[in-house]
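S.K.: Below is one structure. I have some questions about it.
The values are calculated or read from the model by the stated rules, or taken from the named source; none is laboratory data. It should be emphasised that the depicted structure is a prediction, and the values quoted were computed from it without experimental measurement. We place every Cβ from the backbone using ideal geometry, glycine too, and count neighbours over all the protein chains shown.
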Amino acid sequence: MEARFLSLVRNNEASEVSTVLGEENVSPDISLGLATLQDKFGRSVLELAVDSGSREVAEVLLDHGAPIGDALLYAIDRQDVDAMRILKERALTETLGRTYGVDSEDGSNAFPSYMTPVMLAAMKNNYDILEMLLQAGFPTPAPDDYKWTTDISESIAWLDAYRAVCSPSYILLTSPDPFITAFRTAKALRDALWKREQYRPELELLADQCETFARELLDEARSTKEAGTILEHLCSPEDSPYRKSASTIQLAVDLKLKQFVTHPLCFEYVNQRKFQEIADFHPFFQGLETASSVYTAVFLVTVGLAYPFLCLAHLLAPQSKVSVRLVVVS
């Protein structure tokens, strides 16, 4: 009877499953035990239904009080948005009352005990599912919750937590400033390299992923004004290695984020700032950015010939206006 019932669940025979469960309620000879019934892989009936894509059966099982277990994780693993909608309300209640951790006994054969719905969805980088979970109030992952010990399980949990928080979708949905969050995460990963040598390739890959995300996000700027607003945005002093407030582009330079600072928009921004500084030095230099190539060439040759004299002026009067602007012109 149990084998037949599991086959009905697997094949999404919703009407027959409903009939069997109805007969169980009226006949003492039929006892399936939804709370304990499992297939040969250790999946409960609801987990089996979700993992098999039997959404109609899953709804019937929920109506008859089948325990959630890891059904939500199976839905996320399959990236089944419809199953997510069916399960999330019931699953949230169980999730908030469940203990997640390396030493927890709530794990299953398919998922480790520390794996939360948000962590798995972030690792899958599924924006829609992540948004649903976060809006519903599911707990978010925190790498600092896992201590670095010789325990392999603890180390893998820490690494999976970082895989989750490095997800572009997760950063976009949880951070008020995705650029600073990506920078901060990349720095934290690179700072951990020396004490987690065995995971160096993975950590470097995740740090590069954060940089790539920030670079691709900058690609979304559609005007010079937008790019300037992003690159000039001031970050908190605690994010800077020098503990001082810095712009986004200056922070990227300070943290040695080569992928980001070599973005064409960063080069264009720096050049515009340099031309602006030159133009502010004297009205003669105004319009240099849009000047013809011949005019620009003559200007550069003139500066090159005058460079030794400018250097001498810098040595004699390092705080003079000419000396300060020399750095800009150079």
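S.K.: Being farther than 11 Å from THR185 by Cα and either modelled with pLDDT under 95 or surrounded by fewer than 16 Cβ atoms within 10 Å (Cβ to Cβ) (or both) is the filter here, so list the residues in the range 202-213 that pass it.
M.R.: Of everything in the range 202-213, those that are farther than 11 Å from THR185 by Cα and either modelled with pLDDT under 95 or surrounded by fewer than 16 Cβ atoms within 10 Å (Cβ to Cβ) (or both) turn out to be GLU202, GLU204, LEU205, THR212.
S.K.: A further question follows. At least 2 residues that are more than 21 Å from ARG184 (Cα to Cα) and in the same structural domain as ALA186 (by TED's automatic domain parsing) in each: list the helices (runs of 4 or more DSSP H) lying fully within the range 217-278 that qualify. Spell out how you get there, then give the answer.
M.R.: Values: elements: 224-232, 248-254, 258-261.
Per the criteria, 224-232.
S.K.: Right, next: Mind listing whichever residues of the range 34-68 are basic (Lys, Arg) and touching a helix residue (DSSP H, G or I) at 6+ places or on another chain (Cβ under 6 Å)?
M.R.: Quick first cut of the range 34-68, residues basic (Lys, Arg) only: 40, 43, 55.
Passing the criteria: only ARG55.
S.K.: Counting residues that are farther than 18 Å from TYR74 by Cα, in contact with a Phe, Trp or Tyr (Cβ under 6 Å, 6 or more places away or on another chain) and polar (S, T, N, Q), which helices (runs of 4 or more DSSP H) fully inside the range 101-215 reach at least 1?
M.R.: Per the criteria, 168-174.
S.K.: How many residues does the range 241-290 contain that are at pLDDT below 65 and small (Gly, Ala, Ser)?
M.R.: Going through the range 241-290 one residue at a time, the tally reaches 2.
S.K.: How many residues does the range 140-180 hold that are of a type in the set (Val, Ile, Thr) and over 9 Å from the mean Cα position of the chain (by Cα)?
M.R.: Here the count works out to 6.
S.K.: Further question: I need the full set of residues from the range 173-224 which are of a type in the set (Asp, Glu) and in contact with a helix residue (DSSP H, G or I) (Cβ under 6 Å, 6 or more places away or on another chain), in order please.
M.R.: Within the range 173-224, just GLU211 meets the criteria.
S.K.: Can you tell which of ASP63, ASP70, ASP51 is at pLDDT 90 or above and outside the structural domain of ALA157 (by TED's automatic domain parsing)? Steps first, answer last, please.
M.R.: Values: ASP63 fails: at pLDDT 90 or above; ASP70 fails: at pLDDT 90 or above.
Result of the check over ASP63, ASP70, ASP51: ASP51.
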